[in-house]
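The values are calculated or read from the model by the stated rules, or taken from the named source; none is laboratory data. Please read these numbers as outputs of a predicted model, since none were measured by experiment. Virtual Cβ from ideal backbone geometry, glycine too; neighbours counted across all protein chains shown.
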């Protein structure tokens, strides 16, 4: 394995190497301190920062950037041009679409689906089997419980908590620190709470 110095996300310059995928094809650039399961598939244009962990059968798409100390579980699929910021944890079976941004220290439970161009703010926790629609925005320090569905273009502001099995309609707006109970359905384009983004 030939190593070289590479400048990763956040201007971190460390020893790195070129990953070899399970089929023998050339993979992405991986920091020497990252831990990659040999079954993982990493696109040649992807970059895996220092201290990251990539689990078995994970797939990392083209131009994906994985930040420092990110932990990606078994069978996670991350599509093209997505950014996973430092300290994020993504549990097994989750599917992350293209052009998604997952903020620092975010936790995604198992089997979460993030749609195209969704954004998850730093410190937020997304429960298992939650579905976050295309272009949806989840603010900082938000709690989205298990099996919640957030519609396309919906916006959940900082500090809000959404109870299990709740349904947030397309383009709905939930304000700062709002509390939405379990099994509640919020209609399309509804506006709930204060300081709505």
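Just checking, which of 159, 151, 143, 163 is within 20 Å of residue 97 (Cα to Cα), out of contact with any helix residue (DSSP H, G or I) (no Cβ under 9 Å at 6 or more places or on another chain) and modelled with pLDDT of 95 or more?
After ruling out the rest, the residue left standing is 151.
Name the single residue, out of those in the range 27-36 being without any contact (Cβ under 8 Å) to a residue 24 or more places away in the chain and more than 19 Å from the chain's Cα centre (by Cα), that is surrounded by the most Cβ atoms within 10 Å (Cβ to Cβ).
It comes out as 27.
How many residues does the range 32-52 hold that are over 19 Å from residue 81 (Cα atoms) and part of a strand (DSSP E or B)?
The number of residues fulfilling the criteria is 2.
Every residue in the range 140-159 that is touching a residue at least 40 places away in the same chain (Cβ under 8 Å) and outside any loop (DSSP other than H, G, I, E, B), please.
155
For the range 160-197, which residues satisfy the criterion of being under 13 Å from residue 148 (Cα atoms) and either part of a strand (DSSP E or B) or touching a residue at least 60 places away in the same chain (Cβ under 8 Å) (or both)?
161, 162, 167, 168, 180, 185, 186
Keeping to the range 101-119, report how many residues are within 16 Å of residue 72 (Cα to Cα) and either surrounded by 24 or more Cβ atoms within 10 Å (Cβ to Cβ) or in contact with a helix residue (DSSP H, G or I) (Cβ under 8 Å, 6 or more places away or on another chain) (or both).
5
Given the options 89, 78, 96, name the one that is surrounded by fewer than 24 Cβ atoms within 10 Å (Cβ to Cβ) and either over 17 Å from residue 174 (Cβ atoms) or within 11 Å of the chain's Cα centre (by Cα) (or both).
Of the residues listed, the single one that is surrounded by fewer than 24 Cβ atoms within 10 Å (Cβ to Cβ) and either over 17 Å from residue 174 (Cβ atoms) or within 11 Å of the chain's Cα centre (by Cα) (or both) is 89.
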